[in-house]
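Peer 1: Questions regarding the structure given below will be posed in turn.
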Amino acid sequence: MTNRIFVHGVPDTPAIWGPLIAALGETVAVPGLPGFGSEVAAGFACTKDAYAEWLAALMEAQHAAFGPLDLVGHDWGALLVLRAASLRPELVRSWAVAGGALDPDYRGHRIARIWNTPVLGEIFMAGSSQAAMARMFRQSGLPSELAAREAAAWQAPMRRAILALYRSADGLRFKGDWIARLDKLPRQGLVISGTQDPFVPPDTLRRFAQAHGARLHIEPEAGHWSIVERPQSIAAALRAHWAE
């Protein structure tokens, strides 16, 4: 087992970490968010707070077994890593985030706003197919096999979970305690940005890194899924980050 936890984003599954884990050549924990290729337990609300509490509980168990944790998150996984680390900083040795940050000035992207809108979000989900998702993943830099695997998880439980999650976050507009507690983050942080990310502007990630004293790693010409496009480069950045 391991003291390193990698948390995937939306609309992904733990499989998204495959290329990066292979480049690292070591064992890490890759939990699946409930509803994202796994079952949703009865009573689980699929809200931002429910997922953050789920991650914090997982962190407690891993810390009890293996000691201080190294957290890595991508997209929504990045947001949840930051939230859980700010809630339980005593469990965390380091954190690293790619393609996501809790910035009060960030107003979300177009698809996030669609998913946040009642009726419109449901129409989007009803009209989206696994084939369309596979095409989107391929166009975003995923190899065909991984794109097909990720698209296969685009089923009703995931689509329902996404709508609940984005509506709980007002389409990725964060405020209140989610922002206020960021001053509790452990000091050892890394922010990874692809310069061609269409969902989270590089300036947002640069601003977050500066505000929280984190190292900024930039992947030129990489998109939102830089963890798949540039696994060797990001693996090297993580090794250096963990070695500090």
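Bear in mind these aren't lab numbers, they're just calculated from the coordinates by the rules spelled out. Predicted model only: the values in this text are computed from it and were never measured. Ideal geometry is used to build each Cβ from the backbone, glycine not excepted, and the neighbour counts take in all protein chains shown.
Conditions (1) among the small types (Gly, Ala, Ser); (2) touching a Gly at 6+ places or on another chain (Cβ under 7 Å); (3) under 25 Å from Pro143 (Cβ atoms); (4) in a strand (DSSP E or B), marked per residue:
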{"residue": "Arg187", "(1), (2), (3), (4)": "no, yes, no, no"}
{"residue": "Ile192", "(1), (2), (3), (4)": "no, no, yes, yes"}
{"residue": "Phe208", "(1), (2), (3), (4)": "no, no, no, no"}
{"residue": "Leu216", "(1), (2), (3), (4)": "no, no, no, yes"}
{"residue": "Glu221", "(1), (2), (3), (4)": "no, no, yes, no"}
{"residue": "Ile227", "(1), (2), (3), (4)": "no, no, yes, no"}
{"residue": "Gln232", "(1), (2), (3), (4)": "no, no, yes, no"}
{"residue": "Ala237", "(1), (2), (3), (4)": "yes, no, yes, no"}
{"residue": "Ala240", "(1), (2), (3), (4)": "yes, no, no, no"}
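Peer 1: Condition test on Gly25, is it of a type in the set (Gly, Ala, Ser) and surrounded by 16 or more Cβ atoms within 10 Å (Cβ to Cβ)?
Peer 2: No, not satisfied.
Peer 1: For region 115-129, enumerate the residues that are assigned to a helix (DSSP H, G or I) and either under 21 Å from the mean Cα position of the chain (by Cα) or buried (at least 16 other Cβ atoms within 10 Å of the Cβ) (or both).
Peer 2: Trp115, Gly121, Phe124, Met125
Peer 1: For region 141-167, how many residues are of a type in the set (Gly, Ala, Ser) and surrounded by fewer than 16 Cβ atoms within 10 Å (Cβ to Cβ)?
Peer 2: Going through region 141-167 one residue at a time, the tally reaches 3.
Peer 1: Here is a further query. What residue, among those in region 169-226 that are among the charged types (D, E, K, R) and under 15 Å from Asp105 (Cβ atoms), is surrounded by the fewest Cβ atoms within 10 Å (Cβ to Cβ)? Walk me through how you get there before you give the answer.
Peer 2: Quick first cut of region 169-226, residues among the charged types (D, E, K, R) only: 170, 173, 175, 177, 181, 183-184, 187, 197, 203, 206-207, 215, 219, 221.
Add one more test, that the residue is under 15 Å from Asp105 (Cβ atoms), and what stays is 170, 173, 175, 203, 206-207.
Values: Asp170: 15, Arg173: 15, Lys175: 10, Asp203: 12, Arg206: 15, Arg207: 17.
Across region 169-226, the extreme among qualifying residues is Lys175.
Peer 1: Please report, ordered by residue number, the helices (runs of 4 or more DSSP H) entirely within region 1-107 with at least 1 residues that are farther than 23 Å from Gln232 by Cα and hydroxyl-bearing (Ser, Thr, Tyr).
Peer 2: Qualifying helices (runs of 4 or more DSSP H): 48-66, 76-87.
Peer 1: Moving to a separate point now. Criterion first (in contact (Cβ under 8 Å) with a residue 40 or more places away in the chain and more than 15 Å from the chain's Cα centre (by Cα)) does Tyr106 satisfy it?
Peer 2: Here the answer is yes, as Tyr106 does meet what is asked.
Peer 1: Within region 133-147, how many residues turn out to be within 17 Å of Met158 (Cα to Cα) and in contact with a helix residue (DSSP H, G or I) (Cβ under 7 Å, 6 or more places away or on another chain)?
Peer 2: Number of matching residues: 4.
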